[in-house]
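Chemist: My structure is below; once you've seen it, I'll send some questions.
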């Protein structure tokens, strides 16, 4: 059982989320995020990712309990105003670790960004991208011609990764999905499933002629030279789900949706 004395609440800017926040504030006392023991998140998956990134930036390891006032809401529970404290006390917790991404641009700038769902590389112009893929320092594909490629965590494997025909990864699988986006050559390569202890390097070939951007969840860096992606084992995030809405079961069941 979970027991939290101080809850924060964060809602997206949509009318549905703001109305839900008003209803809950009339029923409960909420506290500022910096002193809260857990946070209630109202909105959709995009807003949940924003909140989780805020927790990473603030280095606050407090659980997040989401209720869907957005569209898909895969990372969220269903919306019910009643019995909030009891639902949170019964919730099942899931720990997810983010990726850490080191991005180097053509001008020599370096950025280190976290990603909870995925890191994606995308062509910036009409010309296809050319990428070299290395795993643990070993080149495995010397030239991939494609629209892009992404590295996905299990938590993100049902998002952009799935729409790019990538595999669904069980939440406790300790795996990463490496998924090409519209590969042209080698045409038969469908991607790879790798242990999450591996380090993946993606180098841009002919980068001036075929510019590529890198996106870590919702932040984009353009005109990149190369990217290194690895699991960040020093940080973790905790999501809370109703027992009947458990994230691991939902990820597994996505494999049977036709």
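Chemist: So, of the residues in the range 182-197 that are over 15 Å from residue 158 (Cα atoms) and in a strand (DSSP E or B), which turns out to be farthest from the chain's Cα centre (by Cα)?
Modeler: Only one residue fits best here, namely 185.
Chemist: Could you list, in sequence order, all residues of the range 84-112 that are surrounded by fewer than 19 Cβ atoms within 10 Å (Cβ to Cβ), over 30 Å from residue 27 (Cβ atoms) and within 20 Å of the chain's Cα centre (by Cα)?
Modeler: 102, 111, 112
Chemist: Answer with yes or no whether residue 87 is more than 24 Å from residue 199 (Cβ to Cβ), out of contact with any helix residue (DSSP H, G or I) (no Cβ under 9 Å at 6 or more places or on another chain) and assigned to a loop (DSSP other than H, G, I, E, B).
Modeler: Numbers: more than 24 Å from residue 199 (Cβ to Cβ): yes; out of contact with any helix residue (DSSP H, G or I) (no Cβ under 9 Å at 6 or more places or on another chain): yes; assigned to a loop (DSSP other than H, G, I, E, B): no.
Considered against the rule, which asks whether it is more than 24 Å from residue 199 (Cβ to Cβ), out of contact with any helix residue (DSSP H, G or I) (no Cβ under 9 Å at 6 or more places or on another chain) and assigned to a loop (DSSP other than H, G, I, E, B), residue 87 comes out as no.
Chemist: Take the residues in the range 72-83 that are more than 30 Å from residue 202 (Cβ to Cβ) and in contact (Cβ under 8 Å) with a residue 12 or more places away in the chain, then tell me which one is surrounded by the most Cβ atoms within 10 Å (Cβ to Cβ).
Modeler: By that ranking, first place goes to 76.
Chemist: Looking at the range 17-27, is at least one residue in contact (Cβ under 8 Å) with a residue 12 or more places away in the chain, under 23 Å from the mean Cα position of the chain (by Cα), assigned to a strand (DSSP E or B) and not assigned by TED's automatic domain parsing to the domain that holds residue 219?
Modeler: Checked the range 17-27: no residue is in contact (Cβ under 8 Å) with a residue 12 or more places away in the chain, under 23 Å from the mean Cα position of the chain (by Cα), assigned to a strand (DSSP E or B) and not assigned by TED's automatic domain parsing to the domain that holds residue 219.
Chemist: Additional query: With 213, 225 as the choices, which residue is over 19 Å from residue 118 (Cβ atoms), assigned to a strand (DSSP E or B) and at pLDDT 95 or above? Steps first, please.
Modeler: On the way: 213 fails: over 19 Å from residue 118 (Cβ atoms).
That would be 225, the only listed residue that is over 19 Å from residue 118 (Cβ atoms), assigned to a strand (DSSP E or B) and at pLDDT 95 or above.
The values are calculated or read from the model by the stated rules, or taken from the named source; none is laboratory data. Since this is a predicted model, take the numbers as computed values, not measurements. For neighbour counting, all protein chains shown are included, and Cβ atoms are generated from backbone atoms with ideal geometry for every residue, glycine included.
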